[in-house]
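Okay, so here's the structure we're looking at.
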Amino acid sequence: MGQPQQPGSGAGGSADAERPTLGVGMVGYAFMGAAHSQGWRTVGRVFDLPMRPVLAAVCGRDATAVRSAADQLGWAAAETDWRALIARDDVDLVDICTPGDSHAEIALAALEAGKHVLCEKPLANTVAEAEAMTAAAERGTAGGRISMVGFNYRRLPATAQARRMVEEGRIGTLRHVRVVYLQDWLVDPDFPLTWRLDKQKAGSGALGDLGAHIVDLAQHLAGEELAGVSAVTETFVRERPRPDGASAGLSAAGGSERGTVTVDDAALFTGRFASGALASFEATRFATGRKNALRIELNGSRGSLAFDLERLNELSYHDHTEPAATAGFRRILVTEPDHPYMAAWWPPGHGLGYEHSFVHQARDLVEAIASGTAPEPSFAAGLQVQRVLAAVEESAAKNSAYTPVPKP
Ligand code: SOE
């Protein structure tokens, strides 16, 4: 075994004193806010960064709750108005972790105020909003302001390694991408009508929440964009109890009054890449027994790659150039120092988790801000995903590809 990595070999101690700081202000502190906070708290202890992130302030509407979140998540101050957070002199970067209906308003104001912006996925609730955000981000880039979308699954060592291998030609010419994102937290018809089930707040259901991730990851690993899609969507449970007031995004208790679900519960779509490669996508919150099962497989002329988020330190690879007698999918344990991000962590065989994708996201964003180099995924990439989601909704609404099977 090689010399164990010295984890935490990043910033710290006297070195910190010379580094410029990067004041972060985060809007929203639920699931994504907690995950981003973990990333901001940890990144400087693991990676040797050119700037030291400082958790300056977190914002939420409820003064008591956001003060408690600031204490729990490690933020120095608490704000109840995102405009006040943007106006703070100690905030250089605004991290948007709110439901999609506020992404555009906050991002546009932050860019206008000369701040860098990290915006959770999906970029926006509509293509029009995403277009305005992208135009503002591109104007901002010209002025040295950096913006990025939080497609965090690009930043796991295994998916980053898969991207490297596709770029190296290890699977040859791409023929198929097959990707699913399966959850089951809505199977209970009495799960309450939280914000993710309200089109006004969330923009869409499984499509935007889960489908955005798999569209981005499929295009990122393929190295090309989808040219067209054909889709079906369904809302299996059309009415649910309204939350009892203290509701969160993924867990809540239902009251007695009921309301209408206005988003999709599941979206299935096929797609064709510009190169002619074909793709299939499934995003659902009704895959009973599947908790956070993002699974992607790329099939090419020289081989295949497969990844499962529920086994996220592993990558399966089949080299079709090997003699058939010994060929087959083999498991790559993605924990070697020369695997993406891994040199900063633990010795080989000591795996990472879901949360580390947010540490890597923070690391890449700090590096981009320090170097003034626009990172990926840009707002333009987020806009392109938004256009795919809109095409899926248009295709599903037209139902044109759906051909009824004649009855005998
Ligand atoms: C809920 O489906 C959710 O929290 C998504 O919103 C996140 O983007 C995903 O990473 C985990 O599941």
On the basis of being over 21 Å from the mean Cα position of the chain (by Cα) and closer than 30 Å to Thr288 by Cα, does Asp188 make the cut?
yes
Determine whether the range 133-141 contains at least one residue that is in contact with a strand residue (DSSP E or B) (Cβ under 6 Å, 6 or more places away or on another chain), modelled with pLDDT of 95 or more and within 12 Å of Ser378 (Cα to Cα).
yes
Take the range 258-296 and flag every residue that is among the hydrophobic types (A, V, I, L, M, F, W, C) and in a strand (DSSP E or B).
Ala266, Ala267, Leu268, Phe269, Phe273, Leu278, Ala279, Phe281, Ala283, Ala293, Leu294, Ile296
Over the range 265-317, the set of residues away from the ligand (no atom under 16 Å from the Cβ) and acidic (Asp, Glu) is Glu297, Glu314
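Residue by residue, here is whether (1) in contact (Cβ under 8 Å) with a residue 40 or more places away in the chain; (2) more than 26 Å from Leu123 (Cα to Cα) holds:
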{"site": "Lys291", "(1), (2)": "yes, no"}
{"site": "Phe307", "(1), (2)": "yes, no"}
{"site": "Glu314", "(1), (2)": "yes, yes"}
{"site": "Ala327", "(1), (2)": "no, yes"}
{"site": "Ala362", "(1), (2)": "yes, no"}
{"site": "Gln384", "(1), (2)": "yes, no"}
{"site": "Lys398", "(1), (2)": "no, no"}
Tell me, which strands (runs of 3 or more DSSP E) lie completely within the range 69-125 with 2 or more residues that are at negative phi, touching a residue at least 24 places away in the same chain (Cβ under 8 Å) and within 16 Å of the ligand (Cβ to nearest atom)?
93-96, 116-120
Looking at (1) surrounded by fewer than 18 Cβ atoms within 10 Å (Cβ to Cβ); (2) under 20 Å from Val94 (Cβ atoms), find the lone condition where Pro348 falls short.
(2)
Within the range 303-345, restricting attention to residues that are among the acidic types (Asp, Glu) and surrounded by fewer than 15 Cβ atoms within 10 Å (Cβ to Cβ), which residue is nearest to Ala293 (Cα to Cα)?
Glu310
Name the strands (runs of 3 or more DSSP E) wholly within the range 297-408 that hold at least 3 residues that are at pLDDT 95 or above and under 24 Å from the mean Cα position of the chain (by Cα)?
303-308, 314-319
Which one of these does Ala202 not meet: (1) over 30 Å from Gly372 (Cβ atoms); (2) out of contact with any helix residue (DSSP H, G or I) (no Cβ under 9 Å at 6 or more places or on another chain)?
(2)
Give me the pairs, please: first residue somewhere in the range 30-41 and in the same structural domain as Ala70 (by TED's automatic domain parsing), second residue anywhere and assigned to a helix (DSSP H, G or I) and more than 13 Å from the ligand (Cβ to nearest atom), beta-carbon distance under 6 Å, and either six or more positions apart or on two chains.
Ser37/Leu73; Gly39/Val359; Gly39/Ala362; Trp40/Ala362
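The values are calculated or read from the model by the stated rules, or taken from the named source; none is laboratory data. These figures come from a predicted structure and were not determined experimentally. No Cβ is skipped: glycine too gets one built from the backbone with ideal geometry, and neighbour counts run over all protein chains shown.
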